[in-house]
Amino acid sequence: MESEYVTTPFGRRPMTLALLLKQRRGEAIAAGTTRNKWKLFRSVCEARAGLGVTDRALTVLDALLTFYPEDELSGEKPLVVFPSNAQLSLRARGMAPATLRRHLAVLVEAGLISRKDSPNGKRYMRRGRDGGIDEAYGFSLTPLLARAGEIEAIAARIAADRQMLRGMKEWLTICRRDIAKLLAAAVEEAVPGDWECMSSMFQTILQRIPRAATIENLTPILEELETIREEIVKLLELHEKIPIASTSESQIERHIQNSHTESISESEPGLGTGPGTTAAGQTERDQQPGTKPHDDSLKAQTNGREGSRFAVRSRAGELDSFPLATVLQACPDIVDYGPGGGIASWRDFMAAAIVVRTMLGVSPSAYEAAAAVMGPETAAIVMACILERAREINSPGGYLRDLTRRAQRGGFALGPMLKALLRVNGRLRCRIDG
């Protein structure tokens, strides 16, 4: 093994503490450490970015390794090579002397080689009586062997990162393709949804993709694209499972007539809207003599919101009734936001909807617009439905505005939304008409 002593640079090159530390670290070779020099050189090439060396500097290191006579680098043997500038330049693909010196300095600065200068600055070796090398002056490969484990670890990390980045780029391409084609399909099939907003968000994210992509700057972009892709897929799947109510009056009429074929005993009182049913949802035979007219009862329930149901004027002019118990079965999560952690009346339900609106980040203007178009009770129920699907809805405020626009066009029905949630929660105990 080489003798461990400090060697100062020849000529005008100054000695620094950093150089001293690098020499000491370069001498710390664990006993029995050996490496194939060409395999180690490939690891250096792989770890080039992490080591801070250039490709031209690696050309010089390659040339230096050719002057070491054996393939195995070992700490038990001298690791100094001493080529002349002319020979080193030839093996470095004819590199100019000034360029050669510059890249040798880069290798020294990177801690891959160290200088072992002679008294006169020349590179040579002196043999002993046994014919072996007694002393050599030139460039020591000891730091390269001492850092072999570190270099291989850096090379492995860079290779893994490169593979991960390649996979991320592939998945990014797939996400871009999927989103573009799913949006086109949604628009072509006239699926209800704020597709213009999603398309705008999609284009905004694409503009943020950098030209020099890295794992760090691609990760958040890929996460956002995956979120948009999942949201589109869920909306399209929901459209397939829950047919959107038609806007034509004839289809509404047929839907109401079909509803009457179901047994009334399967529904809660007041859910029907067929013949013999009053505006408050009660059948004529349920009315007792001496009771108030149904319009007065409805007015009291609507104004006080203390009754067990509320009435909503639909776009076709009929009244649909939804008992509070049914709404809470479909939207149980809103109960936790009621006064005192419970909901006993429509007044409590409305108060809980305001709390949920704030929690989900829905603006007051969006909620007020929904209440003005749908009615305050319907807007509160829609907010409860949004809470149930909060994990699936990326922008609750945008979703509510989209439903409001659909309600203005007459394309929104509350019944299918509640029915779907009842199915999902496994509590479909009553049927909702509308």
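The values are calculated or read from the model by the stated rules, or taken from the named source; none is laboratory data. No experiment lies behind these values; they were computed from the predicted model shown. Don't worry about glycine lacking a Cβ; one is built from the backbone with ideal geometry, like all the others, and counts go over all protein chains shown. Calculation scope for accessible area: heavy atoms of the full protein, side chains included, ligands and nucleic acids excluded. Shrake-Rupley method; radii C 1.70, N 1.55, O 1.52, S 1.80 Å.
List of remarks:
- Charge tally in the Cβ shell below 14 Å around G50, where Lys, Arg are +1 and Asp, Glu are -1, G50 excluded: 0
- Accessible surface calculations at 1.4 Å, restricted to protein heavy atoms, place segment 351-407 at 37 Å² per residue.
- Protein-only accessible surface order, largest first, of M164, M95, M417 at 1.4 Å: M164, M417, M95
- For segment 64-165, applying the loop criterion from DSSP together with a ceiling of 10 other beta carbons within 10 Å to the trypsin sites (Lys or Arg not before Pro) yields R129.
- Across segment 169-229, the relative contact order, built from alpha-carbon pairs under 8 Å that are at least six residues apart, equals 48 percent.
- Long-range tail of P(r) for segment 37-128 (Cα pairs > 24 Å, %): 18 percent
- Linear extension gain, D134 paired with E237, 0.36 nm per residue minus alpha-carbon span: 29.1 nm
- For the residue pairs K234/K419; K37/K77; K181/K419; K77/K122, the C-alpha atoms sit more than 24 angstrom apart in K181/K419.
- Gain on full extension, evaluated as 0.36 nm per residue between D55 and T358 minus their Cα-Cα distance, stands at 103.3 nm.
- In the context of the full set of protein chains, segment 37-187 has a per residue accessible area of 52 Å² (1.4 Å probe).
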